[in-house]
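Quick notes on the structure that follows.
The values are calculated or read from the model by the stated rules, or taken from the named source; none is laboratory data. Here the structure is a predicted model, which is why all the values come from computation and not from measurement. Cβ placement follows ideal geometry from the backbone for every residue including glycine, while neighbour counts extend to all protein chains displayed. These accessible areas exclude ligands, DNA and RNA; they are computed on the full protein's heavy atoms, side chains included. Shrake-Rupley method; radii C 1.70, N 1.55, O 1.52, S 1.80 Å.
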Amino acid sequence: MELYIPEALLLLFLLCFVVQMCFLLIQQRRFAAYQLPAQQAGATAVPVSVVISARNEAENLTRFLPAILAQNYPQFEVVVVNDCSTDESDLILLNLSENHPHLKLVTVTEHRRFKTGKKFALTMGIKAAAYEHLLFTDADCEPASPQWIAHMAANFTGKTEIVLGYSPYIKASGFINTFTRFETLKTAINYLSAALGRNAYMGIGRNLAYTKSLFFSSKGFAAHLHVMAGDDDLFVNKNATPENTTIEVHPESFMFTEAKSSFGAYYRQKKRHMGVGGLYKGKHRFMLSLEAMTGFLFYVTLGFCVYFQQQPIMLASAYLVRMITQLIVYYLSAKKLTGIDLLWFIPFFDLFYYLYLNIFGLIGTFIKTTQWK
């Protein structure tokens with residue numbers, strides 16, 4: 001039986017290679033080939049309510065909220081939910097509201113018996129919003145330009161109810177920052193490509209828009225209130241259809257944020273996010289699991305096949321074909337998402353990405369997060 005193990009590993013390697021190439025050439029190629037539409041920002045100037053939930057974000061509100069309040073858009077409000085903050089957030093928001101009448105404040109206070117999370121705070125903000133079209137971000141985010149609202153809102157035409165934006169991390173030194181930006185780029189290529197293929201499965205809450213009618217007609221976050229995370233991806237996963245979802249990736253529409261600077265903070269963030277994947281629709285769980293598992297096994301079986309000296313020319317050819325295809329697809333995508341500098345890290349980070357994806361997938365399955373801040 002031991003004689004067949006090397007051949008079985010080679011067959012598994014080739015199977016993983018074929019599956020990975022299918023993901024690259026069928027799914028991820030969609031965003032690589034995507035061309036920015038000629039539509040001008042502000043072409044559809046619907047009134048917009050920007051909704052932000054903030055818990056103990058005094059410093060970030062001081063740094064980033066003025067840029068959102070100063071957006072170049074004819075009719076909008078900014079609804080900030082002060083979610084049980086114990087710092088000086090309330091004073092900062094009151095001071096800002098004196099000079100910005102379009103800033104609306106909502107306060108959530110802590111209850112001794114009932115702990116509230118981000119979904120409750122967002123629901124309060126949505127209820128307080130005056131307008132039908134809602135645009136979401138976080139208190140630690142900074143828009144790329146004064147046209148952020150205009151670009152996102154311009155997509156609310158026809159049957160569109162959900163707009164998926166992009167939120168990259170600010171470039172800084174260090175391994176954690178570089179890998180976080182790489183992972184964000186790869187995640188964006190996947191979810192934006194899926195949306196272009198009329199199979200949207202997630203969005204990023206730092207840059208996401210949808211309608212108030214959709215929120216209430218789908219009973220908001222009721223289907224997943226039992227988990228702390230998922231206010232963005234689970235909502236999109238439940239409510240996105242081939243007709244009602246579109247993407248916005250103009251560079252002026254990006255929403256930047258700072259990456260975690262320590263392994264501990266990064267671990268807590270990813271553990272919280274990975275814990276909701278099991279609540280995705282079955283077809284999306286299968287798709288994401290297949291991509292993650294075959295990506296990981298591609299490298300594992302490659303290593304074993306090299307060890308057993310199985311078909312070295314075939315192995316090298318398959319590795320190079322996949323890597324070159326990746327570089328081409330990711331280059332065309334990264335040009336749109338300001339991530340060209342990350343291409344140099346693909347040979348190393350791609351392996352590390354699939355290792356991380358499978359490890360955190362298991363952690364998220366067995367360890368539940370009970371708080372969001």
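In region 26-166, carbon and sulfur make up what percent of the accessible area (probe 1.4 Å)?
Exposed carbon and sulfur together represent 50 percent of the surface.
If we restrict to alpha carbons, what Rg and Dmax does region 1-98 come to, in Å?
Every Cα atom of region 1-98 included, Rg and Dmax give 25.7, 78 Å.
What translational diffusion coefficient, to the nearest whole µm²/s, does the chain have by Stokes-Einstein, given a Kirkwood radius computed over alpha-carbon pairs, a temperature of 37 °C and 0.692 mPa s viscosity?
For the chosen part, D equals 150 µm²/s.
Would you kindly find the accessible area of residue 287, with a 1.4 Å probe and non-protein molecules such as ligands, DNA and RNA excluded, rounding to the nearest 10 Å²?
So the heavy atoms of residue 287 present about 20 Å² to solvent.
Between residue 286 and residue 38, what is the label-point separation in nm under the 7 Å Cα-to-beta-carbon projection?
In this crude spin-label approximation the distance works out to 4.1 nm.
Can you give me the % of accessible surface on region 174-233 that is carbon or sulfur? Probe 1.4 Å, all protein chains present, nothing else counted.
Summing carbon and sulfur atoms, their accessible area is 58 percent of the total for region 174-233.
Return the subset of 212/281; 118/238; 219/281; 219/260; 127/283; 171/212 for which the Cα-Cα distance in this structure is over 27 Å, preserving the input order.
Over 27 Å Cα-Cα: 219/260; 127/283; 171/212.
What do you get for the angle between helix 5-22 and the principal long axis of the chain? Use alpha-carbon atoms, 0 to 90 degrees, nearest ten.
Roughly 40 degrees, rounded to the nearest 10.
Give me the distance in nm between label points sitting 7 Å out from Cα along the Cα-to-Cβ direction at residue 335 and residue 97, one decimal.
Output for this residue pair reads 4.8 nm.
For the chain, what does the relative contact order come out to in percent, with C-alpha contacts under 8 Å and a separation of six or more?
Relative contact order of the chain: 23 percent.
Taking just the alpha-carbon atoms of region 90-176, what radius of gyration and Dmax come out, in angstrom?
In Å, with Rg to one decimal and Dmax whole: 16.4, 46.
What accessible area per residue, rounded to a whole number of Å², is obtained for the chain using a probe radius of 1.4 Å?
47 Å²
Taking the Cα of residue 355, stepping 7 Å toward and past its beta carbon, and measuring to each backbone N in region 315-349: which are under 16 Å?
Zone members listed by number: 345-349.
Using only Cα atoms and rounding to the nearest 10 degrees, what angle (0 to 90) does helix 58-69 make with the longest principal axis of the chain?
On a 0 to 90 degree scale, this one is about 80.
Pop the C-beta distance of residue 132 and residue 343 into the FRET formula with R0 = 45 Å and round what comes out to the nearest 0.05.
Efficiency for this residue pair is about 0.65.
Pull up the DSSP beta bridges for the chain and report the antiparallel fraction as a percent, rounded to 5.
Rounded to the nearest five, the antiparallel share is 30 percent.
Could you compute how fast region 169-290 diffuses translationally, taking Rh as the Kirkwood radius over C-alpha pairs and applying Stokes-Einstein at 37 °C with viscosity 0.692 mPa s? Give it in µm² per second.
For these conditions, the coefficient is 210 µm²/s.
For the full complex of protein chains and a 1.4 angstrom probe, list 98, 248 by accessible area with the highest value first.
98, 248
Return one number: the angle in degrees, 0 to 90 and rounded to the nearest 10, between the long axis of the Cα atoms of helix 312-336 and the longest principal axis of the Cα atoms of the chain.
Relative to the chain, helix 312-336 is tipped by roughly 20 degrees.
Accessible area of region 278-321 with a 1.4 Å probe: how many percent of it is carbon plus sulfur?
Using a 1.4 Å probe with all protein chains present, region 278-321 comes out at 72 percent carbon and sulfur.
Go ahead and collect, in residue order, the members of region 51-95 whose backbone nitrogen is under 16 Å from a label point 7 Å along the Cα-Cβ direction of residue 110.
54-58, 82-90
Suppose accessible area is computed on protein heavy atoms with a 1.4 Å probe; arrange 263, 308, 76 from highest to lowest.
Largest accessible area first, the list is 263, 308, 76.
Excluding residue 165 itself, what net charge comes from residues whose Cβ is under 9 Å from its Cβ, given Lys and Arg +1 and Asp and Glu -1?
Neighbourhood net charge equals 0.
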